[in-house]
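The values are calculated or read from the model by the stated rules, or taken from the named source; none is laboratory data. Just so you know, these numbers come straight off a predicted model, no measurement behind them. Backbone-built Cβ (ideal geometry, glycine too); neighbour counts: all protein chains shown. To get the accessible areas, we keep the full protein, side chains included, count just its heavy atoms, and leave off ligands, DNA and RNA. Shrake-Rupley method; radii C 1.70, N 1.55, O 1.52, S 1.80 Å.
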Amino acid sequence: MWITALVVAGAMLLAACVAGVYLWRLSNSFDSQAERLDSSEIFPQEENRPADVNEDSKNILLLGSDTRGELEDDIADIRGQRADTIMVANIPADRSSVQVMSIMRDNWVEIPGHGQAKINAALAYGGVPLLVETIEGLIGTRIDHVAIVDFEGFKDITDALGGVTVQNEVAFTKGEHTFNQGQIILGGEEALTYVRERYAFSDGDYQRARNQQAYIMGVVQKVLSRDTLTSPGRIADLVDAVAPYMVTDDGLSSSTAAGIGFSLRNLRSDDIRFFTSPTNGTGTAGGGQSVVLPDWDSWEQLREAFENDTVAEYEPTGQ
């Protein structure tokens, strides 16, 4: 299986790659429908990148966009905007686990060439390459692949799975949808509302990040279920649901996904961990903007973990 998702840029790519062992049968569908971009449109110039300190581990940047619509146009549709969701999926060299880190979009960080700003402003300042450069500066090693997913695709992947079961932490109502605390089953429209909402919560994006993580875990568990893995038809439906809403770097083909998916064939849902990058809560900066304040002491520990391929051993702290 391949952890991509997310959201999220990511749940959908995640689902497709979890089924990686089947993807060779579906490569024509996947490769023809997903938009693939040249590396120069995704990654920074070589002189602006850190060394690749762990060639056998993989770091996948997952971007979720709530504004693109179906991916029929160029990446310029998202350049100049801001990522609604930012995640880094870390796959260690030994393939024993997967760690998915959410980076809240209001984190106040240094953006190369632009000074301090909210991290998702990097996309507006310099497109995906500048966002990759900013994140590589934080983790101290390279991003190997990038996937951008439109939230609208969450409806289709949820419906293709026949619904997704989620352990919901905080009850809330949004529009016509009510989400009770505890185990709930989401349909397509409900899933889209669930991963988008932040105004219903006292801590805003913090709870939204946790809900997105819960949704991805629900997708993973459903994809890894016997009902899905033994059904080529359902997997084909998943790939068809994912591909039209996805943009990736040109190195992330179906054959690449299948290869990494096969290397993770023994992974189970308990081997996948979600956490949020360390913060010290919210505050103001940059002329009164409401921002998320990174916990830089904990970030130093996290950076060392990425550099040493020990993210699985990192213990999250702070918010």
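Of the residues making up the stretch 266-286, not one is in a helix (DSSP H, G or I), hydroxyl-bearing (S, T, Y) and at pLDDT 80 or above.
Note on the stretch 40-52: residues that are open to solvent by less than 70 Å² (accessible area, probe 1.4 Å) and either among the aliphatic types (A, V, I, L, M) or part of a loop (DSSP other than H, G, I, E, B) (or both) total 7. Counting only residues that are in a loop (DSSP other than H, G, I, E, B) and surrounded by 24 or more Cβ atoms within 10 Å (Cβ to Cβ), the stretch 237-263 holds 1 of them. Filtering the stretch 232-287 to residues that are over 25 Å from A312 (Cβ atoms) and among the aliphatic types (A, V, I, L, M) leaves I235, A236, L238, V239, A241, V242, A243, M246, V247, A285. Taking first residues from the stretch 299-311 that are within 10 Å of N90 (Cβ to Cβ) and partners that are part of a loop (DSSP other than H, G, I, E, B) and among the hydrophobic types (A, V, I, L, M, F, W, C), the Cβ contacts under 9 Å between residues at least 6 apart in sequence or on separate chains come to F306/V53; D309/V53; D309/A93. Return the residue satisfying two criteria in turn: it lies in the stretch 230-265 and is of a type outside the set (A, V, I, L, M) and at pLDDT 80 or above, and of such residues it is nearest to D205 (Cα to Cα). The extreme case among them is T248.
Look at (1) over 17 Å from the mean Cα position of the chain (by Cα); (2) open to solvent by less than 20 Å² (accessible area, probe 1.4 Å) and you find that D270 fails only one, number (2).
Go over the candidates D227, D240, D205 one by one and state the one that is among the charged types (D, E, K, R) and closer than 19 Å to A257 by Cβ. Show your work before the answer.
Working: D227 fails: closer than 19 Å to A257 by Cβ; D205 fails: closer than 19 Å to A257 by Cβ.
The match here is D240.
For the stretch 143-164, the set of residues classified as touching a helix residue (DSSP H, G or I) at 6+ places or on another chain (Cβ under 7 Å) and either surrounded by fewer than 20 Cβ atoms within 10 Å (Cβ to Cβ) or assigned to a helix (DSSP H, G or I) (or both) consists of E152, G153, F154, K155, D156, I157, T158, D159, A160, listed by residue number.
Just give me the residues in the stretch 79-136 being of a type in the set (F, W, Y) and outside any helix (DSSP H, G or I), in sequence order. Outline the logic, then answer.
Pass one, the stretch 79-136, residues of a type in the set (F, W, Y): 108, 125.
The one that is of a type in the set (F, W, Y) and outside any helix (DSSP H, G or I): W108.
With the structure loaded, tell me whether G113 is small (G, A, S), at pLDDT below 85 and either within 16 Å of the chain's Cα centre (by Cα) or under 30 Å from A285 (Cα atoms) (or both) or whether it fails that test. So G113 does not fit the description; no.
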